[in-house]
Amino acid sequence: MLWILLLSCEESALRDGRQETTALKLSDRETELQASDSSIGDAFGHSVVCVDIDADGYGELVVGASGVDQLYVYPGSASGLDTAAEEILSSSLGSFGGTLASGDVNGDGYPDLAVQDGSNTATVNILHGSASGLDSSSEYSISASDGAALDAFGASLSMAGDLNGDGYADLIVGATRADAPLAESGALYIYLGSSAGLTASSEQKLVPSDSVGTHYFGTDAIIVADQDGDGLDEVAVGAPGDNSFTGSVYLYFGSSTGVSAATESKITVSGTSHFGSTLSAADANGDGYSDLLVGSPRGPVSSSGTGLVYTFYGAATGLDTLSPDSLGEASYRSDFGAKVRGLGDFDGDGYEDAVVQELARYGGGTSMVF
Ligand SMILES: [Ca+2]
Ligand SMILES: [Ca+2]
Ligand SMILES: [Ca+2]
Ligand SMILES: [Ca+2]
């Protein structure tokens, strides 16, 4: 069971019920949020996004509980989150709400929501935002045109950017276990926004150019703010299975047609393990350029997998892929970096802070704020 500490929606962090969150300075505004009908096994809090769905200036907290196929929405207000106005959406396909993403795909000024749905042949459900919150009548599904059962379509979702520069947010979907060109090589699907929302006909499929085996390409994938100054956002895709689970991250630049496969570049770090399991973008050093955070929850190999998170810094010349900073955790097999999310500036020092979550292979997980 996961609990959520709430300062405001923007300052939320995860922890489970058994371990303390460290380093996060809690104020008297702290509350613990639990679903009104929650029980163990719900996976409440497995996915969380903060998004101002009704564009009133206060962020809503959307919490997935994929163990029971439910999604909870808590509206923001001047006095904080309104936990009494909890809205529950549900599905019967399995793993509903396992992953979430937000972005304005129809350009009407209200952020829209993408929700993974289905545990076997998965789809991604889209709900458009409106002045009265999520518009359930707008719901539609996106699925891979060549998808197969157990592709894990929707294992990662990102909608926080515009890849082709038309003003509409676009969606990228990881299908970690897609088998083309090779078994478990993984794939990334791209769908472009429009005035009518995401269009299935705009589907683009991306696979790693050097796919020679199990890559799990798309385990995590994010849209990253423009790096090369052409105004089009970029894509980073984790492939933790690459090179016998050393792992790698692939970068692609946005283009007028979506994502340019020809611009592929690859980040690797020697001596690591499962590098690219999780990704996040944040301006960690406050220089105005978006930086890339990459989790390597079982690296470095030399320390029996205590876990590391690498920060690659953006610059006027693009992302510096050669000299990252790294952040580690000492305990044996703690899987530090199993989840990484840049969440905003908690302590007001002008630098964005990140929440790093350990998902312990033994016992409960915990989260830390940096
Ligand atoms: Ca709002
Ligand atoms: Ca919208
Ligand atoms: Ca677009
Ligand atoms: Ca660009």
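Observations
- Checking region 109-117 against the condition returns a match, with at least one residue being more than 16 Å from ligand 3 (Cβ to nearest atom) and out of contact with any Ser or Thr (no Cβ under 7 Å at 6 or more places or on another chain).
- Here GLY147, GLY98 are screened, and the one residue that is in contact with a Ser or Thr (Cβ under 6 Å, 6 or more places away or on another chain), over 30 Å from GLY231 (Cα atoms) and away from ligand 2 (no atom under 14 Å from the Cβ) is GLY98.
- Restricting attention to region 268-325 and to residues that are touching a strand residue (DSSP E or B) at 6+ places or on another chain (Cβ under 7 Å) and among the aromatic types (Phe, Trp, Tyr), the residue that is surrounded by the most Cβ atoms within 10 Å (Cβ to Cβ) turns out to be PHE275.
- Taken as a whole, region 126-141 holds no residue that is away from ligand 1 (no atom under 16 Å from the Cβ), modelled with pLDDT under 95 and hydrophobic (A, V, I, L, M, F, W, C).
- Of the listed requirements (1) out of contact with any strand residue (DSSP E or B) (no Cβ under 8 Å at 6 or more places or on another chain); (2) at pLDDT 85 or above, GLY41 misses just one: (2).
- Some residue of region 106-120 being modelled with pLDDT of 95 or more, in contact with a His (Cβ under 8 Å, 6 or more places away or on another chain), more than 16 Å from ligand 1 (Cβ to nearest atom) and over 19 Å from SER280 (Cα atoms): yes
- Check on LEU198, over 30 Å from PHE245 (Cα atoms) and touching a helix residue (DSSP H, G or I) at 6+ places or on another chain (Cβ under 6 Å): no
- Selection count, region 120-144, where residues are assigned to a strand (DSSP E or B), away from ligand 2 (no atom under 12 Å from the Cβ) and without any contact (Cβ under 8 Å) to a residue 40 or more places away in the chain: 5
For (1) basic (Lys, Arg); (2) more than 16 Å from ligand 2 (Cβ to nearest atom); (3) within 24 Å of GLY167 (Cβ to Cβ), each residue gets a yes or a no:
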site	(1), (2), (3)
SER194	no, no, yes
LEU198	no, no, yes
VAL235	no, yes, yes
TYR250	no, yes, no
SER260	no, yes, yes
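- When region 225-253 is limited to residues that are within 16 Å of the chain's Cα centre (by Cα) and more than 16 Å from ligand 4 (Cβ to nearest atom), the one that is surrounded by the fewest Cβ atoms within 10 Å (Cβ to Cβ) turns out to be VAL249.
- Total residues in region 74-99 satisfying the condition of being within 16 Å of ligand 1 (Cβ to nearest atom) and either free of Cβ contacts under 8 Å to residues at least 24 places away in the same chain or buried (at least 19 other Cβ atoms within 10 Å of the Cβ) (or both): the figure is 10.
- Counted residues, region 177-192 - those being at pLDDT 95 or above and either out of contact with any Gly (no Cβ under 9 Å at 6 or more places or on another chain) or more than 23 Å from ALA262 (Cβ to Cβ) (or both): 0
- Of all residues in region 164-176, those that are at pLDDT 95 or above and assigned to a strand (DSSP E or B) have Cβ atoms under 8 Å from Cβ atoms of residues that are within 16 Å of ligand 1 (Cβ to nearest atom) and not hydroxyl-bearing (Ser, Thr, Tyr), 6 or more apart or on another chain, in LEU171/GLY103.
- Among (1) within 17 Å of ALA155 (Cβ to Cβ); (2) polar (S, T, N, Q); (3) modelled with pLDDT of 95 or more - the single one SER277 does not satisfy: (3)
- If you go through region 184-232 and keep only what is out of contact with any strand residue (DSSP E or B) (no Cβ under 6 Å at 6 or more places or on another chain), within 27 Å of THR317 (Cα to Cα) and among the small types (Gly, Ala, Ser), you end up with ALA225, GLY229, GLY231.
- Number of positions in region 175-206 that are buried (at least 24 other Cβ atoms within 10 Å of the Cβ) and farther than 28 Å from PRO111 by Cα: 3
The values are calculated or read from the model by the stated rules, or taken from the named source; none is laboratory data. What you see is a predicted model; the values in this text were computed from it and never measured. Cβ sites come from the backbone with ideal geometry, for glycine too, and all protein chains shown count toward neighbours.
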